[in-house]
Amino acid sequence: MLLIIFASVGACALATFSTAQAPPQSPPSQQQAPPAPSNQPAPPLQSPAPPQLPPGPVIVLDPAHGGTDNGARGQSGVFEKDIVLNMARTVRAELQSRGYRVVLTRDDDSNPSYDDRAAVANAFRDAIFITLHVASTGTPGTARAYYNQFWTPLPAAASSDADAKPNIPANTLNPWNQAQRGSLDASHRLADLLQLQLVQVFSGSPVTSSAAPIRELRSVVGPAVAIELSSVAVPNPESLGAAANPVAMAIYRTLTAFHPALPVGGN
Ligand SMILES: [Zn+2]
């Protein structure tokens, strides 16, 4: 279930990059070992040296909902929040096995705020953000890819009234919840590539992506898309779990097409 933001409810307080948005800690593989005493030979490390991080983007997978927010619920009692978490873990394992760096916005039954989820991606210079949802409607066994659509133009460009107060200075930072504006073209391209792959593994899916105002996406600086499977209404919820591997393969193939220079494994 995607949270589509309509114009009437989209007036969140503008927020710049506040100190409350502390970036996540560096992954263990980026932490440095303490220096050895200068008058002694360096002791052996307690653990093997971390592998060299491969170049290329960090893939940030966002299992939507969590905690008290169950998301969509099927007749069998299955919750969207659990399906997408398991799916994200499967996709992570698949992408990591192919050389990608992968970070999850949650790896338990927590419910980070939208901005906290975006902050995970924004802590990296070259992140690609993918939020995972399962719809309560739609043709079972199909999947859609979305990119964000803003309902309104930038505030500085919105006013053509000569009596209006002076516009925001040109060098003003985009508000936090407008951060996606700079990557809309890239996100659109990523969503189209993703949709082409999704239709290969979920027949009956659309062949082009869709635009919608999606709250999870608009605060992300880099390319950001949503995947929504249909649906929790399937009579056998096991099929939703089985969808994780096809989703992983669709994402992998999309990433190689979106960023073909990546030094990743084969098929
Ligand atoms: Zn959802």
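Just so you know, all these numbers are worked out from the coordinates, no wet-lab data involved. The shown structure was predicted, so the numbers you read here are calculated from the model rather than taken from an experiment. A quick note on method: Cβ atoms are made from the backbone with ideal geometry, for glycine too, and the neighbour counts reach across all protein chains shown.
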Residue 93-residue 151 FRET efficiency (beta carbon distance; Förster radius 51 Å; 0.05 resolution): 0.85
5 angstrom amide H check on residue 215, placed H, neighbours 5+ away: 3, 5
Cβ-based exposure ranking for 110, 209, 219, in which fewest neighbours within 10 Å come first: 110, 209, 219
For the range 112-135 and the range 52-93, distance of Cα centres in Å: 11 Å
